[in-house]
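Enquirer: Please see the structure below; I have some questions.
The values are calculated or read from the model by the stated rules, or taken from the named source; none is laboratory data. Not measured: the values here are computed from a predicted model. Here the Cβ positions follow ideal geometry from the backbone for every residue, glycine too, while neighbour counts run over all protein chains shown.
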Amino acid sequence: MYSREYDNRVFTLEPSGGLKNSSLIIQDQETDSYWSIMTGTVLEGEMKGTKMVELPIGEKMQWKHWQEKYPATKVLSIEGREDTKPGYQRYFASDMGFRNSTASDTRLATKAPIFAFHFQGKSYAVAHKDFSDGKTFVIGNKQIFLFRPAGSEMFLSTNAFIADKGDFAEKDGSWIHLSSGKAFAPQSRKFIGNGDTNPESFNGFDTFWYNWSLNNPQTAILGTADANARK
């Protein structure tokens, strides 16, 4: 999820109806500029070159899980219409991307599920399979902790946290944030324990490799032993 506020202005963002490299492009009503959610930048228009600001509040899940958390949710619809058709069944059953697009970077499979992010001016991706049940990755002097339950569906958001290098440690089968002494609880997917200090949440999002790599061709892959040797 991205902020709507830039240069002391609030923008009204909506789908543009167009795609670039099979990925959504949004458009603002105020300047008619085109914003790419995959690159995190404005591609064309008055705001071209603007770096989009991610907000750490987005959470992806299936409707059945949302209902469990928020049973009083109201659903917006058109004349009460209900969409009960499995519209994405064929898409998820295929190894190909949207409209048969494929990843030109073959370090990962076209539809490999990944957690992707921009950090310190560079693009990164981690395959979901490489941090099942929790794992840390080091970038410079920082350490990133990522968690997904083993076997979780693509619709579930990855939990991501960042700290100084060495501040996350695995002890007796649990992940500990040493600065706060809090332990990661897989059931709640949070660090819990006494005290007000918490590890910082980290921005990124879950997508498929082809979506990300076609728009971020210089991506470094974390976690797969030979993935950073470009083919």
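Enquirer: Return only the number of the condition from (1) in contact with a Lys or Arg (Cβ under 6 Å, 6 or more places away or on another chain); (2) more than 26 Å from LEU55 (Cα to Cα) that GLN143 does not satisfy.
Expert: (2)
Enquirer: Using beta carbons and a limit of 8 Å, which pairs, at least six apart or on different chains, have the first residue in the range 106-135 and farther than 26 Å from ALA185 by Cα and the second one among the polar types (S, T, N, Q) and part of a helix (DSSP H, G or I)?
Expert: The qualifying pairs are LEU108/SER213.
Enquirer: Let me ask something else. Name the residues in the range 1-13 that are among the charged types (D, E, K, R), assigned to a strand (DSSP E or B) and more than 11 Å from GLU30 (Cα to Cα), would you? Step through it out loud before you land on a result.
Expert: First, the residues of the range 1-13 that are among the charged types (D, E, K, R): 4-5, 7, 9.
Those left that are additionally assigned to a strand (DSSP E or B): 5, 9.
Across the range 1-13, the qualifying residue is only GLU5.
Enquirer: Quick one: would you say GLY151 is on the phi > 0 side of the Ramachandran plot, among the small types (Gly, Ala, Ser) and at pLDDT below 90?
Expert: Yes; evaluated as a whole, the condition is true for this residue.
Enquirer: Can you name the condition, by its number, that PRO186 falls short on among (1) in contact with a Lys or Arg (Cβ under 7 Å, 6 or more places away or on another chain); (2) modelled with pLDDT under 95; (3) under 30 Å from ALA93 (Cβ atoms); (4) not hydroxyl-bearing (Ser, Thr, Tyr)?
Expert: Going through (1) in contact with a Lys or Arg (Cβ under 7 Å, 6 or more places away or on another chain); (2) modelled with pLDDT under 95; (3) under 30 Å from ALA93 (Cβ atoms); (4) not hydroxyl-bearing (Ser, Thr, Tyr) one by one, PRO186 breaks only (1).
Enquirer: Take the residues of the range 96-120 that are assigned to a loop (DSSP other than H, G, I, E, B) and among the hydrophobic types (A, V, I, L, M, F, W, C): which is nearest to PRO217 (Cα to Cα)?
Expert: Among residues in the range 96-120 that are assigned to a loop (DSSP other than H, G, I, E, B) and among the hydrophobic types (A, V, I, L, M, F, W, C), the one nearest to PRO217 (Cα to Cα) is ALA103.
Enquirer: May I ask you to verify whether LYS122 is of a type outside the set (A, V, I, L, M, F, W, C), within 24 Å of THR39 (Cβ to Cβ) and out of contact with any Lys or Arg (no Cβ under 8 Å at 6 or more places or on another chain)?
Expert: Working: of a type outside the set (A, V, I, L, M, F, W, C): yes; within 24 Å of THR39 (Cβ to Cβ): yes; out of contact with any Lys or Arg (no Cβ under 8 Å at 6 or more places or on another chain): yes.
When the stated conditions are applied, LYS122 passes them.
Enquirer: Additional query: Before we move on, is SER36 surrounded by 15 or more Cβ atoms within 10 Å (Cβ to Cβ) and either closer than 28 Å to ALA160 by Cβ or touching a residue at least 12 places away in the same chain (Cβ under 8 Å) (or both)?
Expert: Yes; evaluated as a whole, the condition is true for this residue.
Enquirer: Something else: Among the residues of the range 17-44, how many are part of a loop (DSSP other than H, G, I, E, B), within 21 Å of the chain's Cα centre (by Cα) and closer than 17 Å to GLU5 by Cβ?
Expert: 2
Enquirer: Hey, can you tell me all the residues within the range 3-19 that are buried (at least 16 other Cβ atoms within 10 Å of the Cβ) and either among the β-branched types (Val, Ile, Thr) or under 29 Å from THR110 (Cβ atoms) (or both)?
Expert: Listed by number, the residues that qualify are LEU13, SER16.
Enquirer: Select the strands (runs of 3 or more DSSP E) contained entirely in the range 121-190, then report the ones holding at least 3 residues which are under 15 Å from the mean Cα position of the chain (by Cα) and surrounded by 12 or more Cβ atoms within 10 Å (Cβ to Cβ).
Expert: In the range 121-190, 122-127, 142-147, 159-164 are the strands (runs of 3 or more DSSP E) which contain 3 or more residues that are under 15 Å from the mean Cα position of the chain (by Cα) and surrounded by 12 or more Cβ atoms within 10 Å (Cβ to Cβ).
Enquirer: Here is a list: MET52, MET1, MET47, MET61. Which entry is more than 21 Å from the chain's Cα centre (by Cα) and in contact (Cβ under 8 Å) with a residue 12 or more places away in the chain?
Expert: Going through MET52, MET1, MET47, MET61 in turn, the sole match is MET47.
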